[in-house]
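All remarks here apply to the structure that follows.
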Amino acid sequence: MKKILFLFIFASAFSTLLAQPAAANGTSFFEDSAYPTGHVLPLEEDRVSIVSEELIIELEEKLPSFFEIANGTMVANIQVTYQMLNQTDEDITIPIAFPQPGETKGWNITLDENEISLSGVRDLYLDDVMGQHKQEKWIHPRTGEAYTFGGQDVISDTNTMEAKTFDVTLKAGETHDLVVAYSTKLGIDESINLHPVYRLDYLLHPASYWSDVEELFIEITAPKFSDVNVNLDLAKIENHIYAGVFDTLPEENLVLFVTPSSGILTDLFDSRVLALLSIIVLVLLYVVIIRKLKRKKLLTLFLLILFVLAGYDLLSHKILGYPFTFVQYVLFVIYVVLLSVIRRRYTPKTKRNAAKQKK
């Protein structure tokens, strides 16, 4: 057992050394700045006002498989409903652009419950869709720390943004309901902390191109037990639901940061090094407990399963980044074997096993 214990401590120490430089510069972790998404933008000037806008964002975490050491993917299911008033005395057809150059799916656009098809794409100038109030810094929701994103900003090297286009026909003097629904991925930064940060930018600035916007309602549903940071004044109406009503259009776009729960033990740490060192603490604690309960075989078996799950909780996340992630598989195997050997050593043998050994 001493050899296995030595190997485990060596592997843990080696993993800790790997975690330290990676956590400092983030080079071995995944960083992806997702494209902003946003508000409908009229491509022609017409006297159309938005009586109200209701923006519903439901965040959904797509978890990796059980044996995959990776953070999940965060998806935003977005539905925005506009009440649009044609202020003119005649029916008008307006070409509309909806900024969304990134990967999306599930598009569904309706006007008064009648489906509308996307007609194409068009490049828009960034300043036209993002405005002047751009939030460059990222914020970690767990710590509140503002920091500079270390990865490549996907829109920093261009002056334009791709937008989906479609046409709507509005009857004279009437109010119409335009609903745009789709799903898109959030950006992710894994380098700053043990827990990943996901980011979503929803563009409100294009609303300023309509003749008027009278009311804006925003509701965001985050994963349960997640930490959330949002730049606009939204109230927390439930454990994971945030909402707010605005009589005037905010000057800033909506910028949302979210970090979901990673697990019972993993949520106790922000440092990768401390998370790794806690594995050694678990082994030592297991030895102490098993030595006191060595005659209670069923209880020690239950504790073995419990401690294995605790180790999996810690080692199933990307404590080490690419290309060192495989070390975590090795460390977990050694951890499980070591716990099994400890239990076997301090658990008394049955009479049948004792008789076999005498023979």
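The set of residues in region 158-181 that are over 18 Å from residue 52 (Cα atoms) and buried (at least 20 other Cβ atoms within 10 Å of the Cβ) comprises 161, 163, 164, 166. Scan 291, 272 and give me the residue that is open to solvent by less than 20 Å² (accessible area, probe 1.4 Å) and more than 27 Å from residue 57 (Cα to Cα). Testing whether each residue is open to solvent by less than 20 Å² (accessible area, probe 1.4 Å) and more than 27 Å from residue 57 (Cα to Cα) leaves just 272. Across region 300-322, the number of residues qualifying as open to solvent by 70 Å² or more (accessible area, probe 1.4 Å) and either part of a helix (DSSP H, G or I) or more than 18 Å from residue 72 (Cα to Cα) (or both) comes to 5. Every test in (1) modelled with pLDDT of 90 or more; (2) open to solvent by less than 10 Å² (accessible area, probe 1.4 Å); (3) not in a strand (DSSP E or B) is passed by residue 207 save one, and that test is (1). Taking residues in region 241-259 that are over 20 Å from residue 76 (Cα atoms) and without any contact (Cβ under 8 Å) to a residue 60 or more places away in the chain, and partners anywhere that are of a type outside the set (Ser, Thr, Tyr) and open to solvent by less than 30 Å² (accessible area, probe 1.4 Å), the pairs with Cβ atoms closer than 7 Å and at least 6 places apart or on different chains are 246/216; 249/204; 249/207; 249/213; 249/216; 250/204; 250/232.
Of the residues that make up region 45-59, is at least one modelled with pLDDT under 90 and loosely packed, with under 13 Cβ neighbours inside 10 Å? Looking for residues that are modelled with pLDDT under 90 and loosely packed, with under 13 Cβ neighbours inside 10 Å, one finds at least one in region 45-59, hence yes.
What number of residues within region 95-121 satisfy the criterion of being modelled with pLDDT under 90 and of a type in the set (Asp, Glu)? Of the residues in region 95-121, 1 are modelled with pLDDT under 90 and of a type in the set (Asp, Glu). Residue check: residue 277 meets all listed conditions (1) in contact (Cβ under 8 Å) with a residue 60 or more places away in the chain; (2) within 22 Å of residue 191 (Cβ to Cβ); (3) open to solvent by less than 50 Å² (accessible area, probe 1.4 Å); (4) not in a strand (DSSP E or B) but one, namely (3). Residue 128 fulfils the conditions (1) touching a strand residue (DSSP E or B) at 6+ places or on another chain (Cβ under 6 Å); (2) closer than 30 Å to residue 89 by Cβ except for a single criterion, (1). For residue 76, the stated conditions do not hold, so it cannot be described as surrounded by 12 or more Cβ atoms within 10 Å (Cβ to Cβ), in contact with a helix residue (DSSP H, G or I) (Cβ under 9 Å, 6 or more places away or on another chain) and assigned to a strand (DSSP E or B). The set of residues in region 215-266 that are surrounded by fewer than 17 Cβ atoms within 10 Å (Cβ to Cβ), more than 26 Å from residue 131 (Cα to Cα) and of a type in the set (A, V, I, L, M, F, W, C) comprises 225, 237, 241, 264.
Looking across region 109-133 at every residue that is open to solvent by 70 Å² or more (accessible area, probe 1.4 Å) and of a type in the set (Gly, Ala, Ser), the one that is farthest from residue 209 (Cα to Cα) is identified as 117.
Is it the case that residue 154 is open to solvent by 20 Å² or more (accessible area, probe 1.4 Å) and over 30 Å from residue 112 (Cα atoms)? In short, yes.
The values are calculated or read from the model by the stated rules, or taken from the named source; none is laboratory data. Here the structure is a predicted model, which is why all the values come from computation and not from measurement. Reconstructed Cβ throughout: ideal geometry from the backbone, glycine too, with neighbour counts over all protein chains shown. Quick note on the areas: whole protein, heavy atoms, side chains included, nothing else; ligands and nucleic acids left out. Shrake-Rupley method; radii C 1.70, N 1.55, O 1.52, S 1.80 Å.
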